[in-house]
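Below is one structure, written out as structure tokens, with a few remarks after it.
The values are calculated or read from the model by the stated rules, or taken from the named source; none is laboratory data. Predicted model, so just to flag it, every value in this text is computed and none were measured. Neighbour counts run over all protein chains shown; Cβ positions are idealised from the backbone, glycine included.
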Amino acid sequence: MLNESEILDASILIVDDQEANVGLLTQMLHEGGYTRVASTMDPEEVCALHRKHTYDLILLDLQMPGMDGFQVMEGLKANDAEPYLPVLVVTAQPGHKLRALQAGARDFISKPFDLMEVKLRIRNMLEVRLLYRKLTEFNKMLEQMVRDRTAELRESEARFRALTELASDWYWEQDANGNFTKVSGPVLEMLGIRVGALDGEAGDVREAGWNESERTLLQESIAARQPFIDFVFSRANPNGSRQQFRVSGEPMFDQSAQYIGYRGIGVELTVKN
């Protein structure tokens, strides 16, 4: 919400080639408590002034020699990075009102002035403008918070992987189809797995010798997308030796709560001949 001081502290530019109109509007705004009121009688100065000061409201006369208000609005649209054009046009021509709105003006004031109407339209436009600016600033703040949080998560992920690598023989990640996507340590060699993509084949290829009942229990946990801790399974090698492994893993989900795979750690327990 806006407080009164924010509205009265808004920056306003009056653009009119008639000195009497500039004086009348300036006096009215000052009497209304507005503290930051500027003016120019040269329409060619408006774009440069707005780039420098970024006014909250521009009171723009449409009928001016050399460069009319429509040309001024075109210049403002070309130079203003914001999509909201804070222009309140002043016109004595009823037929210009629709054209002015189509050109980007937010509202209009009719000549001769009804000072009560002018005050209300200025107040309403300033409230919309300032709320729009606050929303823009809030969105930028949220975007920065998301960027900061993403950086923190990446740093945390890096620390997590570093610690798991120190505390285990390997760290691994699998996609939703069970294919290994990230491996740290000799997990593929220890598990007797060769990555098919490296051999010109599709998917991961597992060699024989696993204890199928243990493997089945492990696959059931993965299929149910459940975490598992210190699960032990083994493999008999062709030379008669037997390897035993202990693994822990957890399912991973994206920001939309969609399952994207597993990650975990593992160690080789024993090697028996």
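Restricting attention to helices (runs of 4 or more DSSP H) lying wholly within segment 36-119, give those where 3 or more residues are at pLDDT 90 or above and buried (at least 16 other Cβ atoms within 10 Å of the Cβ).
The qualifying helices (runs of 4 or more DSSP H) are 46-53.
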(request) Return the residue satisfying two criteria in turn: it lies in segment 131-159 and is of a type in the set (A, V, I, L, M, F, W, C) and within 29 Å of K182 (Cβ to Cβ), and of such residues it is farthest from the chain's Cα centre (by Cα). (result) A158
(request) State whether the residues of segment 43-55 include one that is closer than 24 Å to D114 by Cα and among the polar types (S, T, N, Q). (result) no
